[in-house]
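Have a look at the structure below, then the notes.
The values are calculated or read from the model by the stated rules, or taken from the named source; none is laboratory data. Just so we're clear, the structure is a prediction, and the values are computed from it rather than from any experiment. Backbone-built Cβ (ideal geometry, glycine too); neighbour counts: all protein chains shown. Accessible surface is based on the protein model in full, side chains and every heavy atom, while ligands, DNA and RNA are left aside. Shrake-Rupley method; radii C 1.70, N 1.55, O 1.52, S 1.80 Å.
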Amino acid sequence: MAVYRWRVIVNSLQPEMRHRHVIAWIIVIWIAGCLLLLPLVIVAENDETGGCRESWKPYQSRVYTLILFTLQYMLPLTIIAGAYMLIGIDLGKAKERHDINAQDRFALEARRKEDLQIIKMMGLIVILFALCMLPIQVAWLMTDFGADKDKEFWNIFLRMADIAAYLHACVHPIVYGTITKYFRREYMKYAKTVFCCKG
């Protein structure tokens, strides 16, 4: 999504992405996700309690955890932060161009407020990803690289890390709905339709 937004905002004169390219990207992402989880399927074994455990050879687990940390956390964080930073820089340059050429001060001020909202929203999305997904990544790293852990604290930390990761999936609609005027208006329209029909 971040790369798509960067493409639309910064390279707005380029033609729209073709439908087949979008489908190809979705297929590639799904295949990559399945391949990334394949090692877990291979090493999974039933344990005595009827649950599941991972049976790795020495150091394989650590290598796999580092690969997951890089591909699931560091790479996406770098991509979304970089894309949104480029969008912010482009919007800043657009402001400078408007300062020189703008005739209508009111329209210019409205545009500046809208750009500022977009930059705030993008920054918030990056921060939420970084904060919500970090605990689960730290938990996995500590499982393979950490020292002895207090069992009670560790169970609480794992639960909180899971909740933070699930929370990340829920926050985007809230971010869009509270910061962006267009989404806020559409949410209100939807809420009125739902509650008026029920009333």
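Checking the stated criteria, L71 turns out not to satisfy the condition of being over 22 Å from I127 (Cα atoms) and either assigned to a helix (DSSP H, G or I) or modelled with pLDDT of 85 or more (or both).
For the range 10-32, state whether one or more residues are in a strand (DSSP E or B), open to solvent by 60 Å² or more (accessible area, probe 1.4 Å) and of a type in the set (A, V, I, L, M, F, W, C).
Pass one, the range 10-32, residues in a strand (DSSP E or B): none.
The answer is no; no qualifying residue exists.
Provide a single number: the residues in the range 1-21 that are out of contact with any Asp or Glu (no Cβ under 9 Å at 6 or more places or on another chain), under 22 Å from F129 (Cβ atoms) and of a type outside the set (G, A, S). Walk me through it before giving the result.
Taking the range 1-21 as the starting set, the residues that turn out to be out of contact with any Asp or Glu (no Cβ under 9 Å at 6 or more places or on another chain) are 1-5, 7, 11-21.
With under 22 Å from F129 (Cβ atoms) added as a condition, the list becomes 1-5, 7.
If we keep only those that are of a type outside the set (G, A, S) too, we end up with 1, 3-5, 7.
Count: 5.
Restricting the first member to the range 117-130 and to residues that are at pLDDT below 85, and the second to residues that are of a type in the set (F, W, Y), the beta-carbon pairs closer than 6 Å and six or more apart or on different chains are M122/Y84. Just wondering, is there one or more residues in the range 43-65 that are under 23 Å from M133 (Cα atoms), touching a strand residue (DSSP E or B) at 6+ places or on another chain (Cβ under 8 Å) and not hydrophobic (A, V, I, L, M, F, W, C)? Yes, that holds for at least one residue.
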